[in-house]
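A short worksheet on the structure shown next.
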Amino acid sequence: MSQPLIILDTDPTIEGLWVAIETARAQSYPLTGAAFRLTRPPQTPFEALDAAARELDFQPLGERWIEVPRRIALKIVTHIIAHDLAYPDEIVPTTQATELAGRVLGLLGTRARYFTNGAVSGDFAIYNIHGEEVVGWRSLSEAPFDHGIIALDEQRVVVLWAEDAP
């Protein structure tokens, strides 16, 4: 039997980060946060992204994942911590959400790559790594809206995902 590509990262510091995000968002739906250790190099980044999606019972996107620069990933993560997807109400103050988002992306090294499913909500445009504006999205879940970041470096895959309730 072949070795799985990813295994759950049980670092207590990471668990503490997910608890901090959940506590900050106590007035809204919870986010899905997970970190996985790569057991071997993936053949493509999409292989690792899809493995993480499957572990979380999400629909994998294969080559339809959209790669974004780190600055856009930070905006997406900040937005999904600070707001609901369908409504503009601020749930977590932007400064606190930005700090938590920085901690999420800080779980990865400097050579990390960041991927999303498209542009769902927010008062900012999303651009891919080629500078092209992203319009629309592909759902990973059964929720009316879902959005987030799945990122990876040479050692780890990190997911922060929002599913807006109907």
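On a per residue basis, the convex hull of the C-alpha atoms belonging to the stretch 23-92 measures out at 124 Å³. Projecting the Cα atoms of 76, 49, 135 onto the charge dipole of the chain (Cβ charges, centred on the Cα centre) puts 49 farthest toward the positive pole.
Against the main long axis of the alpha-carbon atoms of the chain, helix 94-105 sits at an angle near 0°. What range in the chain is the longest one free of trypsin sites (Lys or Arg not before Pro) that are in a loop by DSSP and have at most 14 other Cβ atoms within 10 angstrom? Excluding the exposed sites themselves, the longest stretch runs over 1-110. Ordered by the number of other Cβ atoms lying within 10 Å of each residue's own Cβ, fewest first, 21, 14, 7 fall into the sequence 7, 14, 21. Fewest-first ordering of 100, 49 by other beta carbons within 10 Å of each residue's beta carbon gives 100, 49.
Computed extension gain for residue 23 through residue 127, at 0.36 nm per residue and net of the alpha carbon distance, reaches 34.4 nm. Sorted fewest first by neighbouring Cβ atoms within 10 angstrom, 127, 114, 29 come out as 29, 127, 114. Would you please give the residues with an amide H less than 5 Å from that of residue 137, counting only those at least 5 places away or on a separate chain, with H modeled from the backbone geometry? Long-range HN contacts for residue 137: 119. Placing +1 on the Cβ of every Lys and Arg and -1 on the Cβ of every Asp and Glu, with no other charges, gives the stretch 65-107 a dipole of roughly 260 debye about its Cα centre.
Separation of the stretch 22-51 from the stretch 57-131 is 12 Å, based on Cα centroids. The length gained by stretching the chain between residue 154 and residue 96 to full extension, at 0.36 nm per residue less their Cα-Cα distance, is 18.0 nm. Ellipsoid semi-axes for the stretch 6-164, based on the Cα gyration tensor and the rule √(5λ), read 21, 19, 15 Å when sorted largest first. Placing dummy labels 7 Å off each Cα toward the beta-carbon, the span from residue 64 to residue 87 is 2.9 nm. Relative contact order of the stretch 6-164, taken over Cα pairs closer than 8 Å and 6 or more residues apart, is 29 percent.
The numbers here are math on the coordinates, done by the rules we state, and not lab data. No experiment lies behind these values; they were computed from the predicted model shown. Because the Cβ atoms are built from the backbone with ideal geometry, glycine has one as well, and the counts that use them run over all protein chains shown.
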